[in-house]
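To keep things clear, I will list the structure first and then write my remarks on it.
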Amino acid sequence: QVQLVESGGGSVQPGGSLRLSCVASGFSFRSAAMGWYRQAPGKERELVASIITTDGPTSVADSVKGRFAISRDNSKNTVYLQMDNLKPEDTAVYYCKADPKFWETVHNSYWGQGTQVTVSS
């Protein structure tokens, strides 16, 4: 059974930092592409950052470039999103996504239930 459990969200003042964690189980984590998405009220869900395998490339959305960083620890089946210099516009529900066997044309994707991040003074 696939499970993705996010944690680390909360309320923080502008300029503050948070570190989100996503613990995965039920699939081969080492070979899975992982990503963080977010969805603000009234807006569509957007990709924030992604990382492919242990030594694969990472990508970060332009809106958070220089402030956010994605990483993974395969020994703990965990992917992280380090968020620094948070801004009010970063307020959203953040979701962890897993893409096992991402190299296949058709494959299953899995989502966590999300964790709320609120940035306000």
Exercise. So which residues in region 28-46 are farther than 14 Å from Gly112 by Cα and open to solvent by 20 Å² or more (accessible area, probe 1.4 Å)?
Worked result: Ser28, Arg30, Ser31, Ala40, Pro41, Gly42, Lys43, Glu44, Glu46
Exercise. Somewhere in region 106-121, is a residue over 20 Å from Leu4 (Cβ atoms), open to solvent by 80 Å² or more (accessible area, probe 1.4 Å), among the small types (Gly, Ala, Ser) and more than 15 Å from the chain's Cα centre (by Cα)?
Worked result: yes
For this session: Scan region 78-96 residue by residue and report those that are farther than 15 Å from Val60 by Cβ, within 10 Å of the chain's Cα centre (by Cα) and open to solvent by 10 Å² or more (accessible area, probe 1.4 Å).
Result: Tyr95
For this session: Please work out which one of (1) modelled with pLDDT under 95; (2) assigned to a strand (DSSP E or B); (3) open to solvent by less than 30 Å² (accessible area, probe 1.4 Å) is the condition Ser59 fails and give its number.
Result: (3)
For this session: Assess whether Ser71 counts as being assigned to a strand (DSSP E or B) and surrounded by fewer than 18 Cβ atoms within 10 Å (Cβ to Cβ).
Result: yes
Seminar exercise, completed: Picked from region 77-102 (must be in a loop (DSSP other than H, G, I, E, B), at negative phi and in contact with a Ser or Thr (Cβ under 9 Å, 6 or more places away or on another chain)), the residue modelled with the lowest pLDDT is Phe102
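The values are calculated or read from the model by the stated rules, or taken from the named source; none is laboratory data. Please read these numbers as outputs of a predicted model, since none were measured by experiment. Neighbour counts are summed over all protein chains in view; Cβ atoms, including those assigned to glycine, are modelled from backbone coordinates with ideal geometry. Heads up: the accessible areas ignore ligands, DNA and RNA and are worked out on the full protein's heavy atoms, side chains in. Shrake-Rupley method; radii C 1.70, N 1.55, O 1.52, S 1.80 Å.
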